[in-house]
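Shown next, in structure tokens, is the structure this report addresses.
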Amino acid sequence: MNNKIKVTIIGCGARGIEHAGAYASISDATIWALCDPNLERLKAFPGDIPTERRFADVASLLKNHVPELVHLITPPTVRLAVIKQMLEAGVKAFVIEKPFASSLAEARQIVALCQSHQARFVVNHQLPCMGTFRRSKRLLEDGVIGEIERVRISCNGSPAEQGTHMIDLAGVFLGGLRPQRLLGQIAGAKKLQAAHPSPEWMIGRILCEGGVPVDLVFGDIADPRVDPALFWVGCRLEIFGSKGMIDQSLARGYRIILHNGPMLVDTAYHWGTENDQAQRDFTREALDNFSGKHASLANSGEAALQPIAVLEGLMASAMNNTLENYPVEPIGDLAQSLKERLTK
Ligand SMILES: NC(=O)c1ccc[n+]([C@@H]2O[C@H](COP(=O)([O-])OP(=O)(O)OC[C@H]3O[C@@H](n4cnc5c(N)ncnc54)[C@H](O)[C@@H]3O)[C@@H](O)[C@H]2O)c1
């Protein structure tokens, strides 16, 4: 027990419980402390963490204990402030839920602060670790659908809720996303005050080096078949190739439709089971990354900026009526600019 990495969970909502669950199968780390101002959640959080290691605020936690590894699973808007406190106290490693900040400006600050404190972080984009995506990616790499001609990503969550998940996933399937120009449209003001402040809807196109465009639709218009109560399973990836297409969603797994051949369907799929497996595998990779056993994860440190930068560039394109060049600069006051644009 003494040699185990001591993990602190900050943010004890449903997702915090899933993060903690991943440690059931990890023998070299253990959940040591919890922190959440919501006392009911703090008390009800499963596991045998004693009351004296369940903290209602970050300052009291830090007075008692400097965590070895923090899982930051709060809403995105409070993360920068919490990370600053943690870094000043000497914390050196973070797993941060997506999107890891609520704007590109904040995301850059987090990267710079972590660099100046010699701290490391990874962003919890676990979808590529799901068995279903690993299986379809293998078939893609085996050439089953031929040369990739176009990619389409969509999600029923808002752009800020699930957009970075999908941009990250497109990058994994393309062997790295190399954006050059961004064209976006946004609409809907009802989510500007939500936990993930966001336009309600976004459509757009990411023009990439090498010529494969990535089209996107984010928001509850994406897949009308998805039950609104289960909006998160609306994440969908379609890859169009010279011989056929992969049509994959969190709700249904994948089917591969070939121009001249049978349809392959991933019948073994159950999203909840595979999401748990993905969280376990992702957590293992993150631990190995922090201990230097695993090459740097794509969504760690500075590399983690790309999905947020692409999302914000698409918003800039929508607000400025321009085709934005990538890399993009942060929008001055993103929240205010979105409000002005969407409530006119
Ligand atoms: N990767 C995924 O597949 C996935 C799935 C679901 C949610 N998420 C992300 O996980 C995050 C949390 O999701 P959730 O559904 O559990 O949200 P939630 O709002 O239910 O829970 C967040 C918790 O953080 C606590 N909190 C707020 N400020 C805090 C602070 N300063 N210090 C400590 N705790 C604080 C809140 O009291 C709350 O209990 C979000 O960013 C969400 O986007 C990711």
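Read-outs throughout are calculated quantities, based only on the coordinates presented, and are distinct from any laboratory measurement. Just so it is clear, the structure is predicted and the values come from calculations on it, not from any experiment. Quick reminder, even Gly has a Cβ in these numbers, built from the backbone with ideal geometry, and neighbours come from all protein chains shown.
Assorted remarks:
- Kirkwood radius for the range 5-126, taken over all pairs of different Cα atoms as the inverse mean of 1/r, rounds to 14.4 Å.
- Placing unit charges on the Cβ atoms of the charged side chains and taking the dipole of the range 1-126 about its Cα centre, the candidate lying farthest along the positive direction among P67, Y23, I83 is I83.
- For the set K4/K43; K6/K98; K84/K190; K63/K98; K4/K92; K98/K191, the pairs lying more than 20 angstrom apart at their alpha carbons are K4/K43; K6/K98; K84/K190; K63/K98.
- FRET efficiency for the pair A187 and L264, taken as 1/(1 + (r/R0)^6) with r the Cβ-Cβ distance and R0 = 45 Å, rounds to 0.80.
- Ratio Rg/Rh [Cα only; Rh per Kirkwood] for the chain: 0.97
- Stretchable slack from E18 to A335, in nm (0.36 nm times residue separation minus alpha-carbon distance): 111.1 nm
- Unit charges on C-beta of K, R, D, E only; dipole of the chain, Debye: 180 debye
- Compactness of the range 88-135 is given as radius of gyration and Dmax, 13.3, 42 Å, from Cα positions.
- Rg/Rh for the range 213-344, where both radii come from Cα atoms and Rh is the Kirkwood radius: 1.03
- Residue-count net charge about K243 - beta-carbon cut-off 12 Å; Lys, Arg +1, Asp, Glu -1: -3
- In plain terms, the chain from E52 to S291 could stretch by 83.2 nm, reckoned as 0.36 nm per residue minus the Cα-Cα distance.
- Karplus-based coupling profile of the range 318-334, in residue order and whole Hz: 5, 7, 9, 6, 10, 8, 7, 7, 9, x, 10, 9, x, 6, x, 10, 4, with θ = phi - 60° in 6.51 cos²θ - 1.76 cosθ + 1.60 and x standing for Gly or Pro.
- 17 Å reach of a label modelled at N3, 7 Å along Cα-to-Cβ, counting backbone N of the range 67-92: none
- Basic side chains Lys and Arg get +1 at the Cβ, acidic Asp and Glu get -1 at the Cβ, and with that the dipole of the range 148-273 about its Cα centre reaches some 180 debye.
- Considering only the Cα atoms of the range 161-214, their convex hull presents on average a projected area of 3.9 nm².
- Two-site FRET efficiency, T343 against V78, from Cβ-Cβ distance with R₀ of 22 Å, rounded to 0.05: 0.35
- Antiparallel bridge percentage (DSSP; both residues within the chain; nearest 5): 60 percent
- Percent of alpha-carbon pairs separated by more than 20 Å within the range 279-344: 47 percent
- Pairwise FRET efficiency - R225 versus V66, Cβ, R0 = 56 Å, nearest 0.05: 0.70
- Simple spin-label estimate for T273 and E147 in nanometres, 7 Å along Cα-Cβ: 3.9 nm
- Separation in nanometres of the label points that stand 7 Å from Cα toward Cβ, at N325 and Q109: 2.8 nm
- Tail weight of P(r) past 16 Å, computed on alpha-carbon pairs of the range 103-188, percent: 67 percent
- Whole-percent P(r), the range 45-182, all Cα pairs, 10 Å bins from 0: 10, 33, 29, 19, 8, 2.
- GNM result for the chain, Cα springs below 10 Å: residue of Q115, Q185, Q126 fluctuating most strongly: Q115
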